[in-house]
Amino acid sequence: MDFEYSAKAKHYRDRVAAFMTAHIYPNEEEILAQIDEGDRWQPIPLLEELKKKAKAEGLWNLFLPESELGAGLTNLDYAPACEEMGRSPWAPEAFNCSAPDTGNMEVLVRYGTPAQKKQWLEPLLAGDIRSAFGMTEIEVASSDATNIEMRIERAGNEYVVNGRKWWTSGALDPRCKILIVMGKNDPNNPDRHKQQSMILVPLPWPGVTVRRMLPVFGFDEAPHGHAEVTFENVRVPLDNMLLGEGRGFEIAQGRLGPGRIHHCMRLIGLAERALERLCRRTKARKAFGRAVADQTVTQERIAEARIMIDQARLLTLKAAWMMDTVGNKEARKEIAMIKVAAPTMACQVIDWTLQAFGGAGITADYGIAYAYATARLLRLADGPDEVHRNQIARLEMRRYEGEVSTTGGSSVVLPRPNTPGFRKRPVWIS
């Protein structure tokens, strides 16, 4: 792997960074003020204006690899621009590169019919509407997607959807016009990974009710937020099925890979900004007669933060490179690795920044507590750490299939005590 970014990657990274400096950072306080005015769940007027500017500058839909619909960036080329976007919670939407829309657009690009693309993908790409993704359920451990209980049953020329979802991000947004929902249509199929399907449910739609918005460590994340949604005898046309009955798990795997790596790219940007704030804050504050930055404990944390961020970035770039060169399926171990490493890293770096800010860090004044909440949430979203670690371990152990330890019949026989090749104590060779 070449560690140098391509000319195209640098071009878009620099342009995104310049847009952030000119339009995002100076307007963050005003965006927060506009959210607090009136109905918190309405679109933010200033952000809508910034989206027009970004679109006019060609900084739009940068996330779509292998598609003429975006900027033609590979996953690896997109990484540095996505990292820049992650430095502000408002930036991804400004470039039409925010979750869950990016994942949903990739689903429609890969698996949608021409009619589905015309009706839903085109307005999403234009930024005229938004979308949501319904997978997680409250009654079951959704980290195992085969547990999902929502039912999708065929009735004549329609499908009838019944169930309850939560953490359906963005469902209350008035611009949200389409839900991609996963449920079981064939619960008795002996192959547990072919019981599920994904279907398109328009919004608003009879039988679909947003019950409540779920806070994340007390933050409502308006106007985006995360909804609990119920589906009661929701009838949609047969044409709303994605790819075909029993293909839901296949679609989920195709969708979640890119979504996971985008989260990690953004988290690296978030952690970089946290480290910058940690350094500036500790340089400006004195305690016990000298700058906090001169305290050994602070210097150790700054050094560790730099190491951890760069480690996560390199691992993320490797995963992106593998997605581009050998495909998402072959890169699944690397994707799982970054999905554990990047949120864990971000939580630690942001926690050190919060500690450096003292009491100010846990208020809403500086955005540090909100940044921590975002990073901590992502240790659960798109699969919890434990699931990814299990997958990594399984894939690692496959390298040793066919090998048996010391009982014979193996391609590799390990030495045992009192046999040639085994030493009771180390031998130091000078």
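So for the range 7-98, averaging the separation of alpha carbon pairs under 8 Å that are six or more residues apart and normalising by length, what relative contact order in percent results?
Relative CO of the range 7-98 lands at 38 percent.
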Taking only Cα atoms and a 10 Å spring cutoff, compute GNM fluctuations for the chain and point out the largest among Glu403, Glu28, Glu221. Glu403
If you count, for each residue, the other Cβ atoms within 10 Å and average over each peptide, how do 188-201, 382-395 line up from highest to lowest? 188-201, 382-395
Extent along principal axes [Cα atoms of the range 1-101; Å; largest to smallest]: 50, 24, 22
Would you kindly compute the Cα radius of gyration of the range 90-235 and its largest Cα-Cα separation (Dmax), both in Å? 15.1, 45
How long are the three semi-axes of the equivalent ellipsoid of the range 281-333, in whole Å, if each is the root of 5 times an eigenvalue of the C-alpha gyration tensor, listed from largest down? 40, 8, 6
For Asp382, net neighbour charge (Lys/Arg +1, Asp/Glu -1) across residues whose Cβ lies under 12 Å away: +3
Charged-residue dipole, Cβ positions (Lys, Arg, Asp, Glu), the range 27-79 about Cα centre, Debye nearest 20: 200
List the residues, sorted by chain then number, that are 5 or more residues from Trp166 or on another chain and whose placed amide H is less than 5 Å from its amide H. Thr136, Glu137, Ile138, Val229
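Give me the number: length gained by fully extending Leu32 to Asp239, i.e. 0.36 nm times residue separation minus the C-alpha to C-alpha distance, one decimal in nm. Show your work: numbers first, answer last.
Details: separation 207, 0.36 × 207 = 74.52 nm, distance 4.05 nm.
Gain on extension, Leu32 to Asp239, equals 70.5 nm.
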Mind listing P(r) for the range 139-219? All alpha-carbon pairs, 10 Å bins, whole percents. 16, 45, 31, 7, 1
Quick one: Debye curve from the C-alpha atoms of the chain, no solvent, what's log10 I(q)/I(0) at q = 0.09, 0.14 Å⁻¹? -0.62, -1.34
Return the sequence-ordered ³J(HN,Hα) values of the range 142-154 in whole Hz as given by the Karplus equation 6.51 cos²θ - 1.76 cosθ + 1.60 applied to θ = phi - 60°, using x for Gly and Pro. 6, 4, 9, 5, 5, 6, 3, 10, 3, 9, 10, 10, 7
Using Cα springs under 10 Å in a Gaussian network model of the chain, which residue among Asn61, Asn147, Asn157 shows the largest mean-square fluctuation? Asn157
Stretched out fully, how many nm does the piece from Leu380 to Arg151 gain, at 0.36 nm a residue minus the Cα gap? 80.0 nm
Would you kindly state how much longer the chain becomes between Asn162 and Gln311 on full extension, computed as 0.36 nm times their sequence separation minus their alpha carbon distance, in nm to one decimal? 49.2 nm
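Since every read-out is calculated from the coordinates, none of them should be taken as a lab result. It should be emphasised that the depicted structure is a prediction, and the values quoted were computed from it without experimental measurement. Cβ atoms come from the backbone with ideal geometry, glycine included; neighbour counts cover every protein chain shown.
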